[in-house]
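Each remark here refers to the structure printed beneath this line.
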Amino acid sequence: MKISISGIRGIFGQDLDLHAIINFSRLFASFIINSSSKSEKKCLVARDTRPSSSIILQTVSAAVMEQGIDVFDLGVAPTPFVFHESIKYGNAIIVTASHNPLEWNGLKFVINGRGIFEEELDSIQEENILSGSRYGKSYNVNSNYIFDIFELMGKNRYLRDDRKKTNTIGLDPGGGAISSFIPNLYNTLNQKYYSINDIAGISSRSPDPTTDDLFELRKLVISKKLQLGFAFDMDADRLVVVDNNGTKLSSDLTLLLCITSTLNHGAKKFVVSVDTSNAIERMIANHGGTLNYSKVGEANVVKEMLKLNGDAGGEGSSAGFIMPKFNLCRDGILASAIISSLNDDLYSDCIEIASKYSTIRSKIPTKSNFQKPIIDKIEDKFKGKFFQIIKMDGIKILIDDNSWILIRSSNTEDAIRISVESTPNNVLSLFKDTKKKVLSIYEEIK
């Protein structure tokens, strides 16, 4: 079981069982009771469409109500819906393992419309489970997300570019939580579309669109001559874009498209995770904006955004776009709406600047007790080959103006993550060299 600010995750029935679900739900309920100044305690709950999510949601609701907290149940709902709606309720628990394989599941904790910070995760785990004097009630509720995104994108025309003709797009929700909302959402946005894998809980592809080849979506885009295709993960916080040639765009390019749109509409302050492509830094600099970096992890990006009053940003590794004035989480739905509205000139600018960089991301399954020793030793392997070291999150080694490597522990899996960026003709050799060095250290310390 993996415990981090990204959530509690594990393989359901193995390292994540109902006993653990009950325990963490009770701990979070105790945290709500002890940290909230309101006499009325509330918790919003929702789930994705995984086979185990229904029973887990029932268990979560019962454990929270046991502590005297009223539960407001959204049922099946995308993570961006829950974050956006949770402002009204103060707290939320989402049953999801996001992009992990179907046999996985987990819990995401939300406080005041944002994910938990590291110190709050520590506090939750240190709580004493209380015996409630009353049993909470349960209510079914609906989200206003679709109306609010229409207000943002349509009526207020904050991001929509009137010079951009409405194109027909392809949608692949992968049978995830957004599936049943597609007709209402994209019809409201006046966006023409074709969709596949749009029945909740049924999909011909894996939950992770970043690693899946998205054959059906690419085929749909080409056969119907569509401008773009969008694929979502199980809870719709991640987005993968397919261009009109049926080619998957990189996650960094997807984030770049979103950030460029906000730049074009006056945004100036940005925050991105330390594993994000230099292409985004270059684009922001070219438009007179400022960029700050955070540790990897949605909550870390949000924390820095709140500290600096940032306008937008996200994570390059997951294409996780965040616009805090609308939602304090990675929002693949908002990203799809923005990208489908981007005018052709800005789209071409993004393609051009992104073409100068190439990024490879990989992972090596590694038990947690080996991860820190590997990270500590990697600097010695690159002696004399870098000009700056950044130890914000693991270790980032800046090789030259175009090249860097990042070695860090995964927030969601028992693995070391390797991220490498360089020019297209150099990135593969740099990645192979880096991976070889990491594996050699691993063999030394095992």
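Each 5 Å bin from zero up to the one holding the largest Cα-Cα distance in the range 2-144 carries the following percent of pairs: 2, 11, 22, 26, 22, 12, 4, 0. Sorting the segments 366-372, 196-202 by their mean number of nearby beta carbons within 10 angstrom, highest to lowest, gives 196-202, 366-372. Please go through the residue pairs Lys269/Lys372; Lys363/Lys436; Lys325/Lys363 and name each one whose alpha carbons sit more than 22 Å apart in this structure. Too far apart for the 22 Å limit: Lys269/Lys372; Lys325/Lys363. Cα-based radius of gyration for the chain, normalised by 2.2 N^0.38 Å, reads 0.96. For the range 118-149, GluC sites (Glu not before Pro) are listed when DSSP marks them as loop and at most 16 other Cβ atoms sit within 10 Å of their Cβ; the list is Glu126. Coordinate range of the alpha-carbon atoms in the range 52-210 per principal axis, descending: 58, 37, 30 Å. Summing Lys and Arg as +1 and Asp and Glu as -1 over all other residues whose Cβ lies under 14 Å from the Cβ of Gly316 gives a net charge of +1.
The residue list Pro207, Val64, Thr168 was ranked by how far each Cα lies along the charge dipole of the chain toward its positive end, using unit charges on Cβ atoms, and Thr168 comes out on top. Remark: the chain carries a charge dipole of roughly 360 debye about the Cα centre, counting +1 on each Lys and Arg Cβ and -1 on each Asp and Glu Cβ.
Pairs of Cα atoms nearer than 8 Å and 6+ residues apart set the relative contact order; for the chain it is 14 percent. So what does log10 I(q)/I(0) come out to for the range 152-354 at q = 0.08, 0.14 Å⁻¹, using the Debye formula with one equal point on every Cα and no solvent? Values, matching the q order: -0.24, -0.75. Ordering 77-86, 396-405 by mean Cβ neighbour count within 10 Å, with the highest value first, yields 77-86, 396-405.
A viscosity of 1.306 mPa s and a temperature of 10 °C, combined with the Kirkwood radius over Cα pairs in Stokes-Einstein, give a translational diffusion coefficient for the range 345-404 of 112 µm²/s.
Tally Lys/Arg at +1 and Asp/Glu at -1 over every other residue whose Cβ is under 10 Å from the Cβ of Arg361; what's the total? Charge balance in the 10 Å sphere: -1.
Full extension of the chain between Lys192 and Lys307 yields a length gain of 37.6 nm, computed as 0.36 nm times the residue separation minus the alpha carbon distance. Under the convention that each Lys and Arg Cβ holds +1 and each Asp and Glu Cβ holds -1, the size of the dipole of the range 2-144 around its Cα centre is about 400 debye.
For Lys225, the lysines whose Cα comes closer than 30 Å to its Cα, not counting residues fewer than 8 places off in the same chain, are Lys155, Lys164, Lys165, Lys192, Lys248, Lys356.
Rounded to the nearest 20 Debye, what is the dipole magnitude of the range 358-445 about its Cα centre when Lys and Arg each give +1 and Asp and Glu each give -1 at the C-beta?
Details: 16 positive and 12 negative charges, 24 e Å.
Dipole of the range 358-445, to the nearest 20 debye: 120 debye.
Under the criterion of Cα pairs below 8 Å and six or more residues apart, the relative contact order for the range 358-445 equals 35 percent. Using the Cβ-Cβ distance between Asp17 and Asn343 with R0 = 41 Å, the FRET efficiency computed as 1/(1 + (r/R0)^6) comes to roughly 0.20. Taking a threshold of 31 Å on the Cα-Cα distance, which of the pairs Lys137/Lys367; Lys108/Lys381; Lys307/Lys367; Lys88/Lys224; Lys391/Lys432 fall above it? In this structure, Lys137/Lys367; Lys108/Lys381; Lys307/Lys367; Lys88/Lys224 exceed 31 Å between Cα atoms.
We did not get these values from a lab; they are worked out from the coordinates using the rules stated. Fair warning: this is a prediction, and the values are worked out from it, not measured in the lab. For neighbour counting, all protein chains shown are included, and Cβ atoms are generated from backbone atoms with ideal geometry for every residue, glycine included.
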